[in-house]
Amino acid sequence: MLNLTYNYRIYPGLDQEAQMLDWLEQCRRVYNYALAERKDWIDSRKCPVNACRIKQEYIISADAPYPDYYKQQNALTKAKDAIPELKAVHSQVLQDALKRLDKSFKFMQKRGFGFPRFKKFGQYHSFVFPQFKSNPVNGFEIELPKIGAMPINLHRPLPEGFAL
């Protein structure tokens, strides 16, 4: 099976652009929090019990399960209740940030090196809508959930049988 990816330029308004930049920042924060949670869990299992440093060791109970993608995804719904900024972001966009982290951890385990890094401000450049209820492209506009309609430059036509 061959996957083709097409990139099209969108032209958001000022308020839509500000909203998308805020979404990128929220996705970066979710990514960094999930990475810190996994890193703390791993670090808490590294030191022997009789030789832990007092200042810098992470003490997480031995019964605590590894915070994998599914546990962090379920915790995201609780975090949305506690943090109102997360409610503004589409849920699948936030889940994709966790999916990216999980993918990088699996890649690290496969290679044996290359621990995922924290994203600094401005380093998170894109977000993905994994699915749409219907075709979001109407003429020369695209309708994105929670953002609204914005012009799109369709420099090449969408292929026949193209699924969005």
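The values are calculated or read from the model by the stated rules, or taken from the named source; none is laboratory data. Just so it is clear, the model here is predicted, and its values are computed rather than measured. Ideal geometry is used to build each Cβ from the backbone, glycine not excepted, and the neighbour counts take in all protein chains shown. Protein only, heavy atoms only, side chains kept; ligands, DNA and RNA dropped before computing areas. Shrake-Rupley method; radii C 1.70, N 1.55, O 1.52, S 1.80 Å.
Couplings 3J(HN,Hα) for the range 15-23, derived from phi with the Karplus relation 6.51 cos²θ - 1.76 cosθ + 1.60 (θ = phi - 60°), are 5, 5, 5, 5, 5, 5, 5, 5, 4 Hz, where x marks Gly and Pro.
Largest GNM mean-square fluctuation among Val128, Val30, Val93, using the chain with Cα springs under 10 Å: Val128. Under a model in which nothing but the beta-carbon of Lys, Arg (+1) and Asp, Glu (-1) is charged, the chain shows a dipole of about 780 debye around its Cα centre. Annotation: amide H-H contacts under 5 Å for Phe129 (H modelled 1.01 Å from N, sequence separation of 5 or more, or interchain): none.
For the chain, the relative contact order is 35 percent, taking Cα pairs closer than 8 Å that sit 6 or more residues apart in sequence and dividing their mean separation by the residue count. Cross-link pairs exceeding 24 Å in C-alpha to C-alpha distance, out of Lys46/Lys71; Lys46/Lys110; Lys78/Lys110, comprise Lys78/Lys110.
Overall, the accessible surface of the chain at a probe of 1.4 angstrom is composed of carbon and sulfur to the extent of 55 percent. Coupling constants for the range 61-77 follow from the phi torsions by the Karplus curve (6.51 cos²θ - 1.76 cosθ + 1.60, θ = phi - 60°), and in residue order they are 4, 5, 7, 5, x, 5, x, 7, 4, 5, 5, 6, 5, 5, 5, 5, 5 Hz; glycine and proline get x.
Sequence-distant or interchain residues sharing an amide H contact under 5 Å with Glu141, placed H: which? Distant-sequence amide H within range of Glu141: Ile152. Using alpha carbons only, the radius of gyration of the range 7-164 set against its Kirkwood radius gives Rg/Rh = 1.07.
Given N residues in the range 72-164, what is Rg(Cα) / (2.2 N^0.38 Å)?
In units of the globular-protein estimate, the range 72-164 measures up at 1.37.
The phi torsions of the range 86-95, fed into the Karplus equation with coefficients 6.51, -1.76 and 1.60 and a -60° offset, translate into couplings of 6, 5, 6, 8, 4, 4, 5, 5, 5, 5 Hz, rounded to whole numbers, with Gly and Pro shown as x.
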